[in-house]
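Data block below; observations after.
The values are calculated or read from the model by the stated rules, or taken from the named source; none is laboratory data. Just so it is clear, the model here is predicted, and its values are computed rather than measured. Methodologically, a virtual Cβ is constructed for each residue, glycine included, from the backbone with ideal geometry; neighbour enumeration extends over all protein chains shown. Just the protein is used for accessible areas: all its heavy atoms, side chains included, with ligands, DNA and RNA removed. Shrake-Rupley method; radii C 1.70, N 1.55, O 1.52, S 1.80 Å.
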Number of protein chains: 2
Amino acid sequence: MADPLDTVFAALADPTRRAILAMLLEDDMAVTDVAEPFEMSLAAISKHLTILSRAGLISQERRGRVKWCKLEPDALRAASVWMQGFGQFEPVNLDAFERFLEVELKEDAESGA
Amino acid sequence: MADPLDTVFAALADPTRRAILAMLLEDDMAVTDVAEPFEMSLAAISKHLTILSRAGLISQERRGRVKWCKLEPDALRAASVWMQGFGQFEPVNLDAFERFLEVELKEDAESGA
DNA sequence: GGCATATTCAACCGAAAGGTTGACGATTGC
DNA sequence: GCAATCGTCAACCTTTCGGTTGAATATGCC
């Protein structure tokens, strides 16, 4: 998987990871706090964070025994440009984004993900 | 994988499938013609097309014994909107897209994908 | 009818994804 | 120093992915 688009899209293909990104949109978080709302082990979340990190979608910085996770939205730019070549989508539509985010988070809650 | 974002991003995570979409950007194509430039079996390409089709990224219409594949760029809209929520990217930048496409196709040719 | 063409199906394979558990290495607080 | 906390590692398991091959199923051509 040399192409960064491979890793970025693969990282985005998992609902847990998208939910994590949405959480980090609010604020930086420690690994344990990221894991808290999910019904899966801390180790599993740690793996998801590694995948997001390798895709460049987040950065992680250790301060003391706490590792902070930070969203890196720039990693999405290449993927965004690639996708936009396939159609003239509305430039930026944050209202629509909010709606999608709501649906995503609701689904996560329902599925207990 | 209920969420359409899951299937769309997963479909985009494979370089062969992205190359197929780029080809279909030019024109509709028959399955055999889609498969021609790739160094893999027709059956494998057929599977990739099924995945793209299930993701809604292409549609397939059988005319006679030939099955035509058509790009469906609308399927990217939801994913595009989701991504754009993470940063205010330049609206639409077709020049940048062309460059990415070139790199993608060059890599495919080199790797023989 | 009979053969070539177009596409999928089915069975199989190795590798990777996504999860678990338990042990381990740091770091902090008392 | 010692116990609790934070996070990862390692081993394992099951399912999915991406590919192969060979047979099967249309359809078109003469």
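B:LEU42 meets each of the listed conditions (1) out of contact with any helix residue (DSSP H, G or I) (no Cβ under 9 Å at 6 or more places or on another chain); (2) open to solvent by 70 Å² or more (accessible area, probe 1.4 Å) apart from (1).
Restricting region B:52-74 to residues that are exposed (fewer than 15 other Cβ atoms within 10 Å of the Cβ) and among the small types (Gly, Ala, Ser) leaves a set whose member that is nearest to the other protein chains (Cβ to nearest Cβ) is B:SER59. In a helix (DSSP H, G or I), more than 10 Å from the chain's Cα centre (by Cα) and within 13 Å of DNA strand D (Cβ to nearest atom): does that describe B:SER46? When the stated conditions are applied, B:SER46 passes them. If you go through region B:23-34 one residue at a time, do you hit one that is more than 11 Å from DNA strand C (Cβ to nearest atom) and facing another protein chain (nearest Cβ under 8 Å)? Yes: one or more hits. Scanning region B:1-21 for residues that are small (Gly, Ala, Ser) and within 12 Å of DNA strand C (Cβ to nearest atom) returns B:ALA10, B:ALA13. For region A:11-33, the criterion of a residue being within 8 Å of DNA strand D (Cβ to nearest atom) and surrounded by fewer than 14 Cβ atoms within 10 Å (Cβ to Cβ) is satisfied by at least one position. Restricting attention to region A:49-87 and to residues that are touching a Ser or Thr at 6+ places or on another chain (Cβ under 6 Å) and part of a loop (DSSP other than H, G, I, E, B), the residue that is farthest from B:ALA13 (Cα to Cα) turns out to be A:GLU72. Consider B:GLU39 carefully, then state whether it is more than 14 Å from chain A (Cβ to nearest Cβ), in contact with a Gly (Cβ under 7 Å, 6 or more places away or on another chain) and not β-branched (Val, Ile, Thr). When the stated conditions are applied, B:GLU39 passes them.
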